[in-house]
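S.K.: Below is the structure I would like to discuss, written out as structure tokens.
What follows draws every value from the coordinates through simple rules; no lab data is involved. In this text the structure is predicted, and so the values were computed from the model without any measurement. Neighbour counts run over all protein chains shown; Cβ positions are idealised from the backbone, glycine included.
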Amino acid sequence: MKTIAEYSADVESALRSLTFPGGKLESLYKPIEYALSAGGKRIRPVLVLMGADAFGDKAQEALRPAVGIETFHNFTLLHDDVMDKSDVRRGRPTVHKKYDANTAILSGDTMLTLATQYVTEVENSKLREVLDTFNRMAISVYEGQQLDMDFEHADKIALSDYLEMIEGKTGSLLGAAVKIGALIGGASEEDARLMYEYGVMTGLAFQIQDDWLDTFGDSTTFGKPIGGDILNCKKTYLYVAALEEGGQTAEALRAAFNMPPSDMKVKAVTRIYEKIGVGDKCKKVVGHYSSKALKALNATSLPEEKKEAFRKLAEKLIGRKK
């Protein structure tokens with residue numbers, strides 16, 4: 001198997017090689033090129049390639065499906081940014097800001113169909129399983145996004161509901177990515193299921209770690225200002241866990257969250273988090289889901305050296321500072 005960096009380079013090369021219509025259709029396809037060129041970790045397509053290589057040395061056959069997974073991921077970002085009214089992503093204007101909302105919606109719709117086309121460029125014998133995995137994942141992502149939107153107006157959110165939301169929005173996509181790769185590589189039904197579990201649990205740990213970093217990380221290494229979730233009243237794992245304390249803590253947290261966006265608001269919320277130790281609780285939960293990911297990985301029939309590649313990827317994602 002290759003290194004993560006080598007797989008990532010393969011994905012970048014494949015994305016750059018995509019060609020789209022120009023001329024009178026440029027206004028539809030130019031935003032797609034813009035979105036796909038924004039960079040990012042490319043973890044989801046890398047998982048596709050790693051899964052295919054681990055079970056059958058078939059990363060080359062999995063390249064187009066990997067591009068499909070990355071195209072789908074970026075489609076969701078286009079629509080999320082419209083819904084969230086986000087103006088910046090990865091240090092650049094979002095598609096709806098650079099062009100307009102209608103363009104972001106229509107170009108996003110086109111990306112979804114392109115993603116489906118790319119993902120289904122597999123052997124006929126594997127098509128049904130791959131497509132079923134992709135479609136189930138897509139529905140889970142949409143359901144997770146709806147829950148996230150509902151949470152914006154909810155006065156109280158159970159931790160179980162929050163975990164269900166991030167499993168849909170984040171975990172299911174990582175799980176489907178590695179499972180699709182495994183299926184292309186020829187994994188058994190049980191191994192494919194276990195790799196999906198590995199991806200989902202890694203995704204949960206990844207998202208909760210991201211929540212922690214946004215409040216307690218270092219802005220220099222994190223790559224963006226600390227406290228963005230607090231300023232935007234984002235109900236993260238930290239917020240939901242702190243709210244479950246109830247009583248004066250919940251009252252103080254709600255009051256702090258209702259403050260106008262400012263450094264003072266970030267400090268007020270962070271002080272509450274620190275007082276009740278919710279940051280430490282967050283890190284423990286990250287460890288819990290990391291352990292579940294590794295347990296699923298260890299139960300597969302993969303040889304030890306190939307399991308090690310997935311352990312390193314999980315460590316890279318979950319132990320990251322940015």
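S.K.: With contacts defined as alpha carbon pairs under 8 Å and 6 or more residues apart, what's the relative contact order of the stretch 1-142 in percent? Before the final figure, lay out the partial values.
M.R.: On the way: 153 pairs, mean separation 34.6, N = 142.
Worked out over the stretch 1-142, it gives 24 percent.
S.K.: Arrange 233, 282 by Cβ neighbour counts within 10 Å, fewest through most, would you?
M.R.: Values: 233 14, 282 23.
The fewest-first ordering by Cβ neighbours comes to 233, 282.
S.K.: Viscosity 1.306 mPa s, temperature 10 °C: Stokes-Einstein D of the stretch 6-139 from its Kirkwood Cα radius, in µm² per second? Don't jump to the answer; show the numbers that get you there.
M.R.: Working: Rh = 15.3 Å.
Answer from the Stokes-Einstein relation: 104 µm²/s.
S.K.: Could you rank the peptides 206-218, 15-27 by their average count of other C-beta atoms within 10 Å per residue, with the highest value first?
M.R.: Values: 206-218: 21.5, 15-27: 10.9.
Highest-to-lowest ranking by the protection proxy: 206-218, 15-27.
S.K.: Here's something else I'd like to know. Just grab the label-to-label distance for residue 124 and residue 136, each label 7 Å out from Cα along the Cβ direction, in nm (one decimal).
M.R.: The two pseudo-label positions are separated by 2.5 nm.
S.K.: Could you give the nm distance between label points at residue 100 and residue 298, where each point is 7 Å from its Cα heading toward the beta carbon?
M.R.: Going from the residue 100 label point to the residue 298 one covers 5.7 nm.
S.K.: When the dipole is taken about the Cα centre of the chain, and only Lys, Arg (+1) and Asp, Glu (-1) are charged at their Cβ, what size is it in debye, to the nearest 20? The partial results should precede the final answer.
M.R.: Details: 43 positive and 46 negative charges, 166 e Å.
The dipole magnitude comes to about 800 debye.
S.K.: Enumerate the amide H contacts of residue 89 below 5 Å, restricted to partners 5 or more residues apart or on another chain; note that Pro and chain-start residues carry no placed amide H.
M.R.: Amide H neighbours of residue 89, under 5 Å, 5+ apart: 94.
S.K.: Assigning unit charges at the beta carbon (Lys, Arg +1; Asp, Glu -1) and nothing else, what dipole magnitude in debye, to the nearest 20, does the stretch 148-252 show about its Cα centre?
M.R.: Working: 7 positive and 19 negative charges, 66 e Å.
That gives the stretch 148-252 a dipole magnitude of about 320 debye.
S.K.: Suppose R0 equals 56 Å. What FRET efficiency, 1/(1 + (r/R0)^6) with r the Cβ-Cβ distance, do residue 305 and residue 233 give to the nearest 0.05?
M.R.: On the way: r = 46 Å, r/R0 = 0.82.
For residue 305 and residue 233, the calculated efficiency is 0.75.
S.K.: Follow-up question, since we're still on this one. So for the pair residue 143, residue 3, with labels modelled 7 Å out along Cα→Cβ, what separation do we get in nm?
M.R.: Result: 4.0 nm between the two label points.
S.K.: For every helix of n ≥ 4 consecutive DSSP H residues, a contribution of -39,500 (n - 2.57) applies; sum these over the chain, divide by its total residues, and give [θ] at 222 nm rounded to the nearest 500 deg cm²/dmol. All intermediate terms of the calculation are to be shown ahead of the outcome.
M.R.: Working: 17 runs with 237 residues, N = 322.
When only DSSP H runs of four or more count, the value is -23500 deg cm²/dmol.
S.K.: Of 86, 160, how do they rank once you tally other Cβ atoms within 10 Å and put the fewest first? Intermediate results must be reported in sequence, preceding the final value.
M.R.: Numbers: 86 15, 160 9.
With the fewest neighbours first, 86, 160 line up as 160, 86.
S.K.: Given Cα positions, please report Rg to Rh for the stretch 29-84, the hydrodynamic radius being the Kirkwood one.
M.R.: Numbers: Rg = 12.9 Å, Rh = 12.1 Å.
My calculation puts Rg/Rh at 1.07.
S.K.: Counting other C-beta atoms within 10 Å, and keeping those with at most 15, which DSSP coil trypsin sites (Lys or Arg not before Pro) do you find in the stretch 79-144?
M.R.: Details: sites: 85, 89, 90, 97, 98, 126, 128, 136; in loops: 85, 90.
Of the trypsin sites (Lys or Arg not before Pro), the ones in loops of the stretch 79-144 whose Cβ has at most 15 other Cβ atoms within 10 Å are 85, 90.
S.K.: A follow-up question, please. Taking neighbour counts of Cβ atoms within 10 Å as a proxy for exposure, in what order, fewest first, do 143, 274 appear? Could you put the intermediate results ahead of the total?
M.R.: Details: 143 16, 274 13.
The most exposed by this proxy come first: 274, 143.
S.K.: Could you tell me which helices of the chain pass both thresholds, a Cα extent of 24 Å or more along their own axis and a mean Kyte-Doolittle hydropathy of at least -1.0, with helices taken as whole DSSP H runs? Intermediate values should be presented prior to the final figure.
M.R.: Working: long enough: 63-84 (31 Å, 0.08); 101-119 (27 Å, 0.61); 124-151 (41 Å, -0.46); 189-216 (40 Å, -0.31); 278-298 (30 Å, -0.34).
The qualifying helices are 63-84, 101-119, 124-151, 189-216, 278-298.
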